[in-house]
Amino acid sequence: MEWQGGEPIHFLHTNLDQLMQQHSCSHILIVGDLNQHLVARVFDDLLTVHGLTNHVTFPTHNSGSSLDPVISDLPEDIVTCRPLGAVGSSDHLAVLSTIQVATLRDAPMMRTNWLWGKADWEGLQEALCCTPWHTILTGDVDEQVSTFTSTVLSLQNTYVPNHTFKVKPRDQPWFGYECRMAADAKSRAWRRFKEHPTYINKLLHKEECANMRSVQRLAQQRWQDDLKSRLSGRSVGSKAWWTALKDQQGLAPEDQIPPLDRADGSVATRSNDKAEVLAAYFSGKMTVPDPERHPPAMAQLNTASLQFITITTEDVKQQLLKVDTKKALGPDGISPHILNHCAAQLAGPITTIF
């Protein structure tokens, strides 16, 4: 439809709240030829009532009038406007508006990189053999598991070289510990040069930049070689193929699940927030109308019962030797590398716990 006179301002004044609620909007941004000079008082009331700001403070018409406002509830330092030239035969000037918005991202997290290839397996195995398991595994099963876990993790930290570094959500899949260290060294060199712009500091910064590029190229090449090796195997499945494809495209975990709407109309963009939205949705689907009702009695199909279970140390050892060392850590933080390489030393205490 074509607006006449001050109709746009009157329409917004009447319907803006309803439009915001109907479309679950968090912010307001209004642009266009609103002819606000015809209804200056109503225009000022619109800004005051809704807490809006007109970011255009310069003429946008050949007559010298400002007829093309950019109205928003965003702070003035987030929205900037500047005039461009006239477009075609129009008597209005084009307005370039820049809005600095940032989507909430997952916070950086600390990651520990374990160098299993450099582990002192003989020292770790000897330390596990010398651990007085029969003395320290006391109390109920939960206390025994807690003691076992803390003991193994302490020895793992002692005999397996490791380093902890910061992982950012937007890091590429090939960007590991060495890249992070090189990037941090480059940043420190740049800050040092900015504070003391000497010739020596300039050279040091150039060296760190060159080292950063070299480390990144090497990391990318290693990652690409590993990707080719995984995809060229005969056992590659559809899941592994699609995972490799997403890695190649540089998709971050939060990119694979789109933003989700919460029940209150807000939008979840971070991984933890998305997980909470999905958990609330699916838990709501699992409710029963009468949770206190007793379940129906089931017919007994067998009179036999299991009286006891025999677990031997040798059985546990054989199971530990079958653990796949390529799997990720469990919730307790004990690596499958430890369970597999130290199967003989851990079979005893694990059998005791079971």
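Condition first: touching a residue at least 60 places away in the same chain (Cβ under 8 Å) and open to solvent by less than 70 Å² (accessible area, probe 1.4 Å). Can you find one or more residues in region 203-219 that meet it? First the steps, then the outcome.
From region 203-219, those touching a residue at least 60 places away in the same chain (Cβ under 8 Å) are none; that's our starting set.
The answer is no; no qualifying residue exists.
Tally time: how many residues in region 267-309 are acidic (Asp, Glu) and open to solvent by 100 Å² or more (accessible area, probe 1.4 Å)? Full working, then the answer.
Of all residues in region 267-309, those acidic (Asp, Glu) come to 273, 276, 290, 292.
The next check asks that each one be open to solvent by 100 Å² or more (accessible area, probe 1.4 Å); those that pass are 276, 292.
The number of residues fulfilling the criteria is 2.
Looking only at residues that are touching a helix residue (DSSP H, G or I) at 6+ places or on another chain (Cβ under 6 Å) and closer than 27 Å to GLY85 by Cβ in region 32-69, which one is modelled with the lowest pLDDT?
GLN36
Mind counting the residues in region 54-72 that are farther than 19 Å from SER90 by Cα and crowded, with 20+ Cβ neighbours inside 10 Å?
Kept after step one, since they are farther than 19 Å from SER90 by Cα, are these residues of region 54-72: 54-55, 57, 71-72.
The next check asks that each one be crowded, with 20+ Cβ neighbours inside 10 Å; those that pass are 55, 71-72.
Residues meeting the conditions: 3.
Search region 331-343 for residues that are touching a residue at least 40 places away in the same chain (Cβ under 8 Å) and on the phi > 0 side of the Ramachandran plot and pair each with any residue that is open to solvent by 40 Å² or more (accessible area, probe 1.4 Å) and not hydroxyl-bearing (Ser, Thr, Tyr) when their beta-carbon atoms are under 9 Å apart and the residues are at least 6 apart or on different chains.
Matching pairs, first to second residue: GLY333/LEU153.
Can you tell me how many residues in region 85-95 are exposed (fewer than 10 other Cβ atoms within 10 Å of the Cβ) and in a strand (DSSP E or B)?
Summing the residues that are exposed (fewer than 10 other Cβ atoms within 10 Å of the Cβ) and in a strand (DSSP E or B) in region 85-95 gives 1.
Among the listed residues ARG41, ARG105, ARG111, identify the single one that is part of a strand (DSSP E or B) and basic (Lys, Arg).
Going through ARG41, ARG105, ARG111 in turn, the sole match is ARG111.
Go through (1) open to solvent by 50 Å² or more (accessible area, probe 1.4 Å); (2) among the polar types (S, T, N, Q); (3) in a loop (DSSP other than H, G, I, E, B) one by one and return the number of the condition THR48 breaks.
Result: THR48 fails condition (3) only.
One residue is enough: does region 252-260 have a residue meeting the conditions open to solvent by less than 40 Å² (accessible area, probe 1.4 Å), touching an Asp or Glu at 6+ places or on another chain (Cβ under 7 Å) and either charged (D, E, K, R) or within 20 Å of TRP121 (Cβ to Cβ) (or both)? Talk me through it step by step, then tell me what you get.
Filtering region 252-260 for residues open to solvent by less than 40 Å² (accessible area, probe 1.4 Å) gives 252, 254, 260.
Adding the requirement that they be touching an Asp or Glu at 6+ places or on another chain (Cβ under 7 Å) leaves 254.
Those left that are additionally either charged (D, E, K, R) or within 20 Å of TRP121 (Cβ to Cβ) (or both): 254.
There is at least one residue in region 252-260 that is open to solvent by less than 40 Å² (accessible area, probe 1.4 Å), touching an Asp or Glu at 6+ places or on another chain (Cβ under 7 Å) and either charged (D, E, K, R) or within 20 Å of TRP121 (Cβ to Cβ) (or both).
Would you be able to tell me the number of residues in region 105-162 that are out of contact with any Leu (no Cβ under 7 Å at 6 or more places or on another chain), open to solvent by 60 Å² or more (accessible area, probe 1.4 Å), in contact (Cβ under 8 Å) with a residue 24 or more places away in the chain and more than 20 Å from ARG180 (Cβ to Cβ)?
6
With respect to ASP226, is the statement that it is part of a helix (DSSP H, G or I) and at pLDDT below 70 true?
Details: part of a helix (DSSP H, G or I): yes; at pLDDT below 70: no.
The answer is no for ASP226.
Do you know which residues across region 163-180 are open to solvent by less than 50 Å² (accessible area, probe 1.4 Å) and either of a type in the set (A, V, I, L, M, F, W, C) or outside any helix (DSSP H, G or I) (or both)? Please lay out each step first, then the result.
First, the residues of region 163-180 that are open to solvent by less than 50 Å² (accessible area, probe 1.4 Å): 163, 165, 167, 169, 171, 174-176, 179-180.
Within region 163-180, HIS163, PHE165, VAL167, PRO169, ASP171, TRP174, PHE175, GLY176, CYS179 qualify.
The values are calculated or read from the model by the stated rules, or taken from the named source; none is laboratory data. Quantities reported herein were computed from a predicted structural model and do not represent experimental measurements. Using ideal geometry, Cβ is built from the backbone for each residue, glycine included, and neighbour counts are taken over all protein chains shown. Accessible surface is based on the protein model in full, side chains and every heavy atom, while ligands, DNA and RNA are left aside. Shrake-Rupley method; radii C 1.70, N 1.55, O 1.52, S 1.80 Å.
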